[in-house]
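*Asks:* Can you keep this structure in mind? I'll have questions shortly.
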Amino acid sequence: MMSFLLFAISFLPFFEARNTAANYIVSPPEEGAAEVRFERPVLELVSKCPACEAEGVVVLEETDFGQINATRLGKAKRIRQKCSFCGGKKSLVTFMNPNELEVQIARDFEKYKATHLAKGEIPVGNAFVPNASYEALDRKKLKLIEKTYGDACRSCHWSGIEECGKCDGRGYVKCPNGDCKGGWAVTKNTTSYSKTSSGGIRNHGSYNSSGSTRRYSRKETKVTVQLCPDCEGAKMIRCPKCLGRKAEVCKKCNGLGMKQKNF
């Protein structure tokens, strides 16, 4: 389901600005006219922290990993501390979902086209030229208008961002510590030892060895549980590729949102 936050942005001004610049080929701007700015909307938003669920803290209660037995000293551990994933801020700045954004951009582009078609303008690539001016344009100018407007990048479709492939757009990955279990680092150390005893018969206070010996082998496993040093109890870390932002600048167009051959 599309996030309602996407409806707060619009690419219509961006599409219209490109059309204005493309039409300068037909009617150059007057001296002193304001510069056309091709600015896409801000594609960042504030997302709640996935590690602490916007609480700002994580609470860990130690469960039995094999360390709770007759030889264990003390009570089970309980730790409450600032969330390491968001630094206790409860949220973090991420990119919008590129897949949802693509739907929004497509909707805005259809509105842009419908507006100019309703005026009776003629499409030239992605640009629209007034009907009265179209017939006077030669092939060279038509190509220049088309190039000035440009085409959408095939990877990001005007947005300039792509979903992170390493974390699949989540912004986080599982804690990389192989010993991490639910935020706890659980390690096991097994010690083997043997003991030798001699057999014998006690006779009136003296001890006579029978010469027989017995060897006992035994293994003892010690389980150590402590806060995971990698995730610090969060059970996850920020994606090392997108740094928790869920998406990255499109590599195909370097964030321009358009095919580079047009520049």
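Every read-out reported here was derived from the displayed coordinates using simple, explicitly stated rules and does not represent laboratory data. Note that the structure is a prediction, hence the values are computed from the model and not measured. Quick reminder, even Gly has a Cβ in these numbers, built from the backbone with ideal geometry, and neighbours come from all protein chains shown.
*Asks:* Tell me the label-point distance for the pair Ala34, Arg139, using the 7 Å Cα-to-Cβ offset, in nm and rounded to one decimal.
*Replies:* If labels sit at Ala34 and Arg139, their model points lie 3.9 nm apart.
*Asks:* Then there's this: Quick one: which residues, 5 or more positions from Ala247 or on another chain, have an amide H under 5 Å from its amide H? H modelled 1.01 Å from N in the peptide plane, none for Pro or chain starts.
*Replies:* HN-HN under 5 Å from Ala247: Phe95, Cys164.
*Asks:* Taking H as built 1.01 Å from N, whose amide H comes closer than 5 Å to the amide H of Ile161, not counting residues under 5 places away?
*Replies:* Excluding prolines and chain starts, which carry no amide H, the hits are Cys250.
*Asks:* Let me ask you something else. Kindly provide the trypsin sites (Lys or Arg not before Pro) of the stretch 127-194 that DSSP labels as loop, not H, G, I, E or B, and whose Cβ sees at most 16 other Cβ atoms within 10 Å.
*Replies:* Answer in residue order: Arg154, Lys166, Arg170.
*Asks:* How far apart, in nanometres, would the label points at Leu12 and Thr63 be if each is projected 7 angstrom from Cα along the Cα-to-Cβ direction?
*Replies:* That separation, rounded to one decimal, is 5.2 nm.
*Asks:* Sticking with this one: Looking at the stretch 70-196, what % of the alpha carbon pairs are farther apart than 24 Å?
*Replies:* 63 percent
*Asks:* Sum up the charges of everything whose Cβ sits under 13 Å from the Cβ of Val124, counting Lys and Arg as +1 and Asp and Glu as -1, but leave Val124 out.
*Replies:* Cβ neighbours under 13 Å give a net charge of +2.
*Asks:* So what's the net charge close to Lys113: Lys and Arg +1, Asp and Glu -1, counting the other residues with Cβ under 13 Å from its Cβ?
*Replies:* With Lys, Arg at +1 and Asp, Glu at -1, the net is 0.
*Asks:* Which entries of Lys174/Lys222; Lys48/Lys235; Lys174/Lys241; Lys77/Lys174 have Cα-Cα distances beyond 20 Å here?
*Replies:* Violating the 20 Å limit, Cα to Cα: Lys174/Lys222; Lys77/Lys174.
*Asks:* Efficiency by 1/(1 + (r/R0)^6): what FRET value for Arg80 and Thr20, r their Cβ-Cβ distance, R0 = 45 Å, to the nearest 0.05?
*Replies:* Efficiency computed from Cβ-Cβ geometry: 0.20.
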